[in-house]
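A short worksheet on the structure shown next.
The values are calculated or read from the model by the stated rules, or taken from the named source; none is laboratory data. If you're wondering where the values come from, they're calculated on a predicted model, not measured in any experiment. Neighbour counts are summed over all protein chains in view; Cβ atoms, including those assigned to glycine, are modelled from backbone coordinates with ideal geometry.
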Amino acid sequence: MKKVVVVGGGAAGMMAAIKAAQRGNRVILIEKNEKLGKKLFITGKGRCNVTSNKDIEEIIQNIPGNGEFMYSSLYTFTNYDLMDMIEAKGVKLKVERGDRVFPQSDKSSDIIKCFEEYLKENNVEILLKTKVTDIIAKDNKIYGVEINNNEIIRCDSVVLATGGKSYPGTGSTGDGYTFAKKLGHTIVDIRPSLVPLVCKEGWVKDLMGLSLKNVSIKVKNKGKTIYEDFGEMLFTHFGVSGPIILSASRKISDILPDEVEIFIDLKPALNYEELDKRILKDFQKYINKQFKNALDDLLPQKLIPVVVNLSGIPSDKVVNSITKKERGQLVNLLKSFKVTVIGTRPIEEAIITRGGVSVKEVDPSTMESKIVKGLFIVGELLDVDALTGGFNLQIAFSTGYCAGMNC
Ligand SMILES: Cc1cc2nc3c(=O)[nH]c(=O)nc-3n(C[C@H](O)[C@H](O)[C@H](O)COP(=O)(O)OP(=O)(O)OC[C@H]3O[C@@H](n4cnc5c(N)ncnc54)[C@H](O)[C@@H]3O)c2cc1C
């Protein structure tokens, strides 16, 4: 019986350990936290968008960071295989907007419990509160792992599933990059992806906490549109965040520090003319009020003072004296509400780490290192990254599965 050590008890590590045990190996899963799946627990705001219901080709289109590396593993262990595996343990799943798959219970803990059951029934030995401090190879072949700086566990294979560098409080502190580098692997520049954005405009902090549900955004660099999306976004004390902003951040971070502007269409359901008519209707209703008191039906309260300020229309101007030209300024502002991006938040606040172990040095169908025999590299540690929508967890599960199959 071969002995396999899996380092890291996140999505990829748990999957690899289960599969390796099902293949008849003795498997030890080592996790430095006091429990498994700490990051998995906070995914999808605690609801866990566990995968996507899209077909594989579409999934790959949503993996801008080395999606082509994922062909083999995604076809070996598909999103439907993952869904079957989870539902076989009685955890019912549901599909939401954008083909996002969640547990019906809306509880990420149900997904973790499901994996814990598989680990248990396949007799995976789990070492919690145990930190792997070194991976030892001899003659480019795995020899074992060092734990807690003192003890060595000998083994035939090591699956490295230590995750990325974002949200370090969950245990993903980037240890795997150090191990892989020491073993001869190239680490492609580590950067934040799916990350909130910092904006130049001081007034954004006045909008902190304001969530806009159905808006569309156009991202422009030097006047050219480079990205468009529709959905939900959020203002924060430093700038903008929320689903469509996080997805846009991947493209934007490529362009920074070059200037990037986001134009938010606050009323995408109405064209310019329709919006003008709508404002006119409101102005007729509030005809004797001051401008600042005439927007209650049109905008969320928090947004009104900022819009009034940016509109160029005096806030105390009585509505019946607002000119057509001024109304036009207001329409333009609401259809093209601009924020200027000057940076991203740090990697610690990113959903995903971009960069990682170079995929050129890893076999895409087995996840085995092309440098060290018996070393398998999986999950976010790899230089693969996707957009939001359940794709990143599917990457972790598919790569974990392939390593488990082949180690
Ligand atoms: C807030 C947030 C929400 C997210 N929501 C979603 C979502 O809804 N859908 C989605 O698809 N993706 C989501 N993601 C991304 C997704 O969580 C990750 O891509 C995925 O968890 C990566 O899995 P992994 O197993 O590679 O790494 P991780 O889940 O990070 O697991 C790595 C594990 O290794 C352990 N470890 C590290 N170093 C050592 C060591 N030296 N010794 C022992 N153990 C070690 C860590 O403690 C950790 O438990 C989200 C991420 C964040 C931060």
Of all residues in the range 373-396, count the ones that are over 22 Å from residue 246 (Cα atoms) and either under 12 Å from the mean Cα position of the chain (by Cα) or surrounded by 24 or more Cβ atoms within 10 Å (Cβ to Cβ) (or both).
4
Apart from one, (1) small (Gly, Ala, Ser); (2) more than 23 Å from the chain's Cα centre (by Cα); (3) modelled with pLDDT of 95 or more all hold for residue 249; the odd one out is (2)
Elements of type strands (runs of 3 or more DSSP E) in the range 301-377, at least 1 residues being among the basic types (Lys, Arg):
337-344, 352-357
Candidates 336, 369, filtered to the one that is buried (at least 24 other Cβ atoms within 10 Å of the Cβ) and either more than 15 Å from the chain's Cα centre (by Cα) or outside the structural domain of residue 52 (by TED's automatic domain parsing) (or both)
369
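Residue-wise test of (1) within 11 Å of the ligand (Cβ to nearest atom); (2) without any contact (Cβ under 8 Å) to a residue 12 or more places away in the chain; (3) closer than 19 Å to residue 161 by Cβ; (4) in the same structural domain as residue 381 (by TED's automatic domain parsing).
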{"site": "29", "(1), (2), (3), (4)": "yes, no, yes, yes"}
{"site": "40", "(1), (2), (3), (4)": "yes, no, yes, yes"}
{"site": "46", "(1), (2), (3), (4)": "yes, no, no, yes"}
{"site": "67", "(1), (2), (3), (4)": "no, no, no, yes"}
{"site": "72", "(1), (2), (3), (4)": "no, no, yes, yes"}
{"site": "93", "(1), (2), (3), (4)": "no, no, no, yes"}
{"site": "100", "(1), (2), (3), (4)": "yes, no, no, yes"}
Please go through the range 148-177 and give me each residue that is under 30 Å from the mean Cα position of the chain (by Cα) and part of a strand (DSSP E or B), ordered by number.
157, 158, 159, 160
Please determine whether any residue of the range 24-36 is surrounded by 20 or more Cβ atoms within 10 Å (Cβ to Cβ) and of a type in the set (S, T, N, Q).
yes
Say whether the condition of being surrounded by 19 or more Cβ atoms within 10 Å (Cβ to Cβ), assigned by TED's automatic domain parsing to the domain that holds residue 219, among the β-branched types (Val, Ile, Thr) and closer than 23 Å to residue 216 by Cα is met by at least one residue in the range 313-326.
no
For a quick check of your reading: which helices (runs of 4 or more DSSP H) sit entirely within the range 36-82 and have at least 3 residues that are of a type in the set (A, V, I, L, M)?
56-61
